[in-house]
């Protein structure tokens, strides 16, 4: 292939094309086929390769040897010539995205796609985002879209998590995605996601959960001032119930820091009253997908009364009483992937793809 003429290369490709799939799946044949793809130079040679591989793209992607042939096509062919790969991946995005090799190939498709092809891929991923984020491989595909830093792609993904925040936050893999969504979402989408947590029952379960508590901490860090006030008001009655757990101590510290900043800015003024959910541009608490929160909206009056009457002095342990927790995550740092922080002992996740 390296020293042959164009005519000789064409004849070699034509001779191999009837059994090109079998060649691609072989540990030795895959290397020869990859070298063949590197040296193709004419439209007719490209056409022969596409005709031989089309129809078996998903099978090749899932194979230890065959996936390298598909990646070689992505690297050496023009975007128009790899449209057959893009179409196959979009049609079978869950099958590809939840596979050990497929999730890598899907990310390479995004890297080498044209703008139109990238939009096609992101649309398919977004449509199946709820399934992908819960998978040990698929969640990396969703995070890869968010890491592109393109709001036209990341924002629809973040919006697809609305009404599912509590459920996804309590799962090992999807909780990573929800955290990243809180960091990269637009202001209105972030506010909607955080306010969805302010259901008393859901919030208490999240604070107690070994994965969801990190989502709560991220929400406390990234919420805008008004949304943070609502979240903190809902948190106050819960913290005394969990402050003796490792998760509760970290959250109690954040709440204590917040209380200190608020008291420092008010300078002897009356304690700010909780902000009811109704003042936000938040989907209806009594109708639509958020109707499950309606039973809890009246609880804010109780928290306001408690705030006005003052909280017990032992509501949050002081810094002197709170022993440092080994492996705890820094309060100001967002959780980045599967780091060596406190969650790493619980999330023995896979490496980055």
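Residue check: residue 41 meets all listed conditions (1) assigned to a helix (DSSP H, G or I); (2) touching a residue at least 24 places away in the same chain (Cβ under 8 Å) but one, namely (1). Screening the stretch 137-149 for residues that are under 21 Å from residue 93 (Cα atoms) and assigned to a loop (DSSP other than H, G, I, E, B) and picking the one that is modelled with the highest pLDDT gives 137. All of 117, 107, 152 fail the test of being assigned to a helix (DSSP H, G or I), more than 28 Å from residue 204 (Cα to Cα) and in contact (Cβ under 8 Å) with a residue 40 or more places away in the chain, apart from 107. Look at residue 167 and say whether it is under 26 Å from residue 225 (Cβ atoms), assigned by TED's automatic domain parsing to the domain that holds residue 214 and in a helix (DSSP H, G or I). No: the conditions fail for residue 167.
To keep it simple, each residue is scored yes or no on (1) touching a residue at least 40 places away in the same chain (Cβ under 8 Å); (2) not in a helix (DSSP H, G or I).
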| residue | (1), (2) |
| --- | --- |
| 24 | yes, no |
| 68 | no, no |
| 87 | no, no |
| 100 | no, yes |
| 130 | no, no |
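Of all the listed residues (255, 182, 241), the sole one being surrounded by 16 or more Cβ atoms within 10 Å (Cβ to Cβ), more than 24 Å from residue 131 (Cα to Cα), outside the structural domain of residue 144 (by TED's automatic domain parsing) and touching a residue at least 24 places away in the same chain (Cβ under 8 Å) is 255. When the stretch 66-81 is limited to residues that are closer than 17 Å to residue 21 by Cβ and over 27 Å from the mean Cα position of the chain (by Cα), the one that is surrounded by the fewest Cβ atoms within 10 Å (Cβ to Cβ) turns out to be 72. Among the residues in the stretch 190-201, are any farther than 16 Å from residue 162 by Cβ, touching a helix residue (DSSP H, G or I) at 6+ places or on another chain (Cβ under 7 Å) and surrounded by 21 or more Cβ atoms within 10 Å (Cβ to Cβ)? No, the stretch 190-201 contains no residue that is farther than 16 Å from residue 162 by Cβ, touching a helix residue (DSSP H, G or I) at 6+ places or on another chain (Cβ under 7 Å) and surrounded by 21 or more Cβ atoms within 10 Å (Cβ to Cβ). So, in the stretch 175-234, exactly how many residues are within 27 Å of residue 263 (Cα to Cα) and outside any helix (DSSP H, G or I)? So the count comes out to 4.
The values are calculated or read from the model by the stated rules, or taken from the named source; none is laboratory data. Remember, it's a predicted structure, so these values are computed and weren't measured experimentally. FYI the Cβ positions are ideal-geometry reconstructions off the backbone, even for glycines, and counts take in every protein chain you see.
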